[in-house]
Amino acid sequence: MLNGFQCRAADVSNAVYEGADSIVIFLCKECVPALGRLQLPAAVEQAVNAYLQAYDDVCEAEALHTLVLPVENSLVTVLLAGCGAGKECKPAVFRRAAGAVARALHKAKAGKAVLAAPILLNPKRGPYLEAVAEGLYLGAYTFDIFKSESKPAVPCAVQIVSAVDEADALLSKACIAAEAVCYTRDLVNNPGNLLVPQSLAEEALQLAEELPLEVEVLDATMLAVKNMNAILAVGQGSIHPPYLVAIKYQGAGNAPFTAFVGKGITFDSGGISIKPDDNMGEMKDDMSGAGAVLGAMKAIAALKLPCNVLGIMACAENMPSGSAQRPGDIVRAANGKTIEVVSTDAEGRMVLADAVWYACRLGAKRVIDIASLTGAVIIALGKETGGIIANDDALAEQIKLAGKYAGEGYWQLPSLPDCKEALKSDVADLLNSAGRAGGCITGGLFIGEFVDKDISWAHIDIGGTSTAEKTAGHKVKGGSGFGTLTLIKLAGML
């Protein structure tokens, strides 16, 4: 049971609908002629066909129509979830539609629901089945642990009508992946006074007790021994000391390791370069990258995927105080390069500088960092797409493909020579901020300077996608967990 739903696969038959108080039909335009193959109750099929003739927007992507019909002496809620037409009819659309369906079912207090779609009668449409289950679980997510009065949703047993191969295994996989995204969302939604750098270390240690994971925690003393002065500089203004957490999952013998490295700034005030007070509270989400890494590692281990992955979280709190770093400071990172601190609000790239270096020391052959790094990515790509900067185009394409499977969009930005040139300092090796021009690119290229030259590397900027401004589809207002599902799908491709 996750977020009030328990899903299982069911064969196509008239009997599957018996006793259901809700029936959901996912329809794309091309699938309408196959409606009869779902073996719906006669009253439902007749009413749906009539409704389709009366209204021409039923199949529009993310449209949701509700009918209440008498079926065998009881009233049944019938939801028609539009999934588009032609090339628009992709798993991502089914995922979003299922998210809206989840909230509608809970609103109707459904206890027993049947989900059906003509496309799921094709045995090879496993990705669509996974997407429906993921969307259902994710769309029903709530974060109300701090409300004095909260009412849990009515538990709903869901049967998904399907002829898909190994449907039950796919539904189990979808539940594990969705639970990991919800876990990330919980971390992101927790306030900065409760979720501090040590909290993320403790979460990792707890997961290691439950799953086949090895965890190494470096506290401030150990960071100093390893000369990780960049992460120490960011955290030195806070009463909560910084931590670096390394999580190891080895499911593929001696195969090379891929590192997922996450920015874990549990609250970002901007430091001495303090942010405006408007919406500063949203900066509790500045650990979204680390949250995505931790959630992904949770799912990867639970799914026992055949891959070798390192998950690294660079955790600190960026606060102004008498001990905080100052603009103008020069810091020597663990790889020996010096950094001139132009802005203490460009702190994420500094903690990641030491973290990606450490990933290389642990033997990673590919490094992917993920961070709510810049506001510039919003200017470039909006709030639905993550940015990629990489030294390996093939790796960037693989991330984009994993994102396609996850329903999360990415766009690779160019590593422009003038942007790299802008990072040069007059008094140190690098500036930690090159200003507004090309800010998403320069932020990523800065991190790349701390990755070993022979290592494939990609940086994912989720500065615009880490928090959802409204509830829509499978996203719920608040921490989105963006990137978690991409990393899980990517691990499955390694």
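Screening residue 240 against (1) touching a Pro at 6+ places or on another chain (Cβ under 8 Å); (2) not hydrophobic (A, V, I, L, M, F, W, C); (3) not in a loop (DSSP other than H, G, I, E, B) leaves a single unmet condition, (3).
Any idea how many residues of the stretch 93-127 are under 19 Å from residue 32 (Cα atoms) and of a type in the set (Gly, Ala, Ser)? Number satisfying all stated conditions: 4.
Residues of the stretch 92-108 include none that is outside the structural domain of residue 408 (by TED's automatic domain parsing), more than 15 Å from residue 136 (Cβ to Cβ) and surrounded by 14 or more Cβ atoms within 10 Å (Cβ to Cβ).
In the stretch 241-270, what count of residues is obtained for those that are small (Gly, Ala, Ser) and in contact with a Gly (Cβ under 6 Å, 6 or more places away or on another chain)?
Step one: list which residues in the stretch 241-270 are small (Gly, Ala, Ser), which gives 246, 251-253, 255, 259, 262, 264, 269-270.
Okay, now just the ones that are also in contact with a Gly (Cβ under 6 Å, 6 or more places away or on another chain), so 262.
Of the residues in that region, 1 qualify.
Considering (1) of a type outside the set (Val, Ile, Thr); (2) crowded, with 24+ Cβ neighbours inside 10 Å; (3) out of contact with any Lys or Arg (no Cβ under 8 Å at 6 or more places or on another chain), the lone condition that residue 268 does not fulfil carries the number (3). The set of residues in the stretch 129-161 that are at pLDDT below 95 and touching a helix residue (DSSP H, G or I) at 6+ places or on another chain (Cβ under 9 Å) comprises 145, 153, 154.
Kindly indicate whether residue 89 is surrounded by fewer than 24 Cβ atoms within 10 Å (Cβ to Cβ), touching a Cys at 6+ places or on another chain (Cβ under 6 Å) and more than 14 Å from residue 3 (Cβ to Cβ).
Numbers: surrounded by fewer than 24 Cβ atoms within 10 Å (Cβ to Cβ): yes; touching a Cys at 6+ places or on another chain (Cβ under 6 Å): yes; more than 14 Å from residue 3 (Cβ to Cβ): yes.
Answer is yes for this residue.
Of all residues in the stretch 437-469, those satisfying the criterion of being under 19 Å from the mean Cα position of the chain (by Cα) and hydroxyl-bearing (Ser, Thr, Tyr) are 465, 466, 467.
May I ask you to say which residue of 7, 59 is in a loop (DSSP other than H, G, I, E, B) and either closer than 26 Å to residue 134 by Cβ or modelled with pLDDT under 95 (or both)? Before the answer, list the steps.
Working: 7 fails: in a loop (DSSP other than H, G, I, E, B).
Within the list 7, 59, the selection yields 59.
Here the condition is being under 22 Å from residue 268 (Cβ atoms) and either of a type in the set (Asp, Glu) or more than 12 Å from the chain's Cα centre (by Cα) (or both); of 434, 472, it holds for 434 alone.
Can you find, within the stretch 77-92, the residue that is farthest from residue 25 (Cα to Cα) among those that are out of contact with any strand residue (DSSP E or B) (no Cβ under 8 Å at 6 or more places or on another chain) and not aliphatic (A, V, I, L, M)?
This residue is 87.
So, in the stretch 438-465, how many residues would count as being closer than 20 Å to residue 137 by Cβ and touching a helix residue (DSSP H, G or I) at 6+ places or on another chain (Cβ under 6 Å)? Qualifying residue count for the region: 0. Taking first residues from the stretch 65-80 that are touching a residue at least 24 places away in the same chain (Cβ under 8 Å) and within 15 Å of residue 111 (Cβ to Cβ) and partners that are among the small types (Gly, Ala, Ser) and in a strand (DSSP E or B), the Cβ contacts under 6 Å between residues at least 6 apart in sequence or on separate chains come to 77/22.
Give the residue that is surrounded by the fewest Cβ atoms within 10 Å (Cβ to Cβ), with candidates limited to residues of the stretch 479-494 that are part of a helix (DSSP H, G or I) and out of contact with any Cys (no Cβ under 8 Å at 6 or more places or on another chain).
The selected residue is 493.
Condition check ((1) in a helix (DSSP H, G or I); (2) without any contact (Cβ under 8 Å) to a residue 12 or more places away in the chain; (3) outside the structural domain of residue 247 (by TED's automatic domain parsing)) across all residues:
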residue: 135; (1), (2), (3): yes, no, yes
residue: 151; (1), (2), (3): no, yes, yes
residue: 168; (1), (2), (3): yes, no, yes
residue: 174; (1), (2), (3): yes, no, yes
residue: 203; (1), (2), (3): yes, no, no
residue: 209; (1), (2), (3): yes, yes, no
residue: 212; (1), (2), (3): no, no, no
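Among the residues making up the stretch 390-444, those that are under 24 Å from residue 330 (Cα atoms), among the hydrophobic types (A, V, I, L, M, F, W, C), in contact with a Ser or Thr (Cβ under 8 Å, 6 or more places away or on another chain) and not in a helix (DSSP H, G or I) are 422, 423, 428, 430, 431, 434.
Tallying residues that are of a type in the set (Val, Ile, Thr) and under 25 Å from residue 27 (Cβ atoms) within the stretch 132-149 yields 1. Taking the criterion of being surrounded by 21 or more Cβ atoms within 10 Å (Cβ to Cβ), in contact with a helix residue (DSSP H, G or I) (Cβ under 8 Å, 6 or more places away or on another chain) and at positive phi, would at least one residue in the stretch 339-353 satisfy it? Checked the stretch 339-353: no residue is surrounded by 21 or more Cβ atoms within 10 Å (Cβ to Cβ), in contact with a helix residue (DSSP H, G or I) (Cβ under 8 Å, 6 or more places away or on another chain) and at positive phi.
The values are calculated or read from the model by the stated rules, or taken from the named source; none is laboratory data. Being a predicted model, the structure only gives us computed values, none of them experimental. Positions of Cβ are backbone-derived with ideal geometry, glycine not excepted, and every protein chain shown enters the neighbour counts.
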